[in-house]
Amino acid sequence: MAFPPMLTALAIVREKERGTIEQIFVSPISPTVFILGKIIPYGAIAFGEMFLILAAGALWFSIPFKGSPSLLIAMSLIYVFCTVCIGLFVSTITRTQLAALLLSLIVTLMQSFLFSGFLFPIANMPYVFQMYTYVFPARYFNDISRDIFLKGVCIEYLWWNMFLLLLYTAALFLVASVRFKKKLA
């Protein structure tokens, strides 16, 4: 959850700091293609990390895998692009690499550990914090991965979390694209 947004935010802010972003602004490339060009490589790196983590859990730690590997990979892909879009959004609101690094860590790392159900069960949290967990995509992916990996749940039980992750990803991409386009004007 921490590295994909951080890498994406740093990549775009680095171009702002170096002044090379102006070359993108005057080129015939559209802002959406530029943004996709930044998202796809870092998404691929993050997906590779995700695949290594899943493989280590199943092979190294012998965690029994009861679900569909293709479903878990598809859901992981959605989550990876969601985290990369968080970095994209951070890059549109920061001007320096240090600010992008710190903001992406504050927005992602702490909340993904504390409010995803990874360290502490959400049901044991106070009601206000339980509601707060719905703000973070890590909560949805934690439920998805646990249900697929350990329980063998199929898509019929996961569609709501998948829908919310897709909605979160699309909203972040849209907001970041609009903010990026406004900077072009």
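Treat the count of other C-beta atoms within 10 Å as a stand-in for reagent exposure and order Phe141, Phe47 from fewest to most.
Numbers: Phe141 25, Phe47 18.
Ordered from fewest to most neighbouring Cβ atoms within 10 Å, Phe141, Phe47 come out as Phe47, Phe141.
If packing is taken as the average count of other Cβ atoms within 10 Å, what order do 10-22, 82-94, 105-117, 57-69 fall into, highest mean first?
82-94, 105-117, 10-22, 57-69
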Problem - Taking the chain and dividing mean pair separation by its residue count, relative contact order in percent (alpha carbons under 8 Å, at least six apart) - result: 33 percent
Handout entry: Column: log10 I(q)/I(0), Debye, Cα scatterers of the range 3-184, q = 0.10, 0.11, 0.12, 0.20 Å⁻¹
Key = -0.43, -0.52, -0.61, -1.36
Completion exercise
Calculated from DSSP helices alone, with each H run of at least 4 adding -39500 (n - 2.57) and the total divided by the residues of the chain, [θ]222 nm to the nearest 500 comes to -24500 deg cm²/dmol
Handout entry: Calculated FRET efficiency for the pair Leu174/Ile53, C-beta based, R₀ 22 Å, to 0.05
Key = 0.15
Handout entry: Dipole of the chain, positive end: most advanced residue of Val26, Phe81, Ala55 [Cβ charges, Cα centre]
Key = Val26
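If contacts are Cα pairs under 8 angstrom and at least 6 residues apart, what is the relative contact order of the range 36-142 in percent?
23 percent
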Practice task
Please order Val153, Val80 by the number of other Cβ within 10 Å, starting at the fewest.
Solution key: Val153, Val80
Fill in the blank from the handout: Under the 7 Å Cα-to-Cβ spin-label approximation, Trp159 and Met131 lie apart by a distance in nanometres of 2.8 nm
Handout entry: Under the span-like rule (Cα at least 24 Å along the axis, Kyte-Doolittle mean at least -1.0), DSSP H helices of the chain
Key = 31-55, 69-93, 97-114, 155-184
Problem - Nearest-20 debye value, the chain charge dipole, Cβ charges on Lys, Arg, Asp, Glu - result: 400 debye
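Bear in mind these aren't lab numbers, they're just calculated from the coordinates by the rules spelled out. No experiment lies behind these values; they were computed from the predicted model shown. Note that each Cβ is placed from the backbone with ideal geometry, even for glycine, and that neighbours are counted across all protein chains shown.
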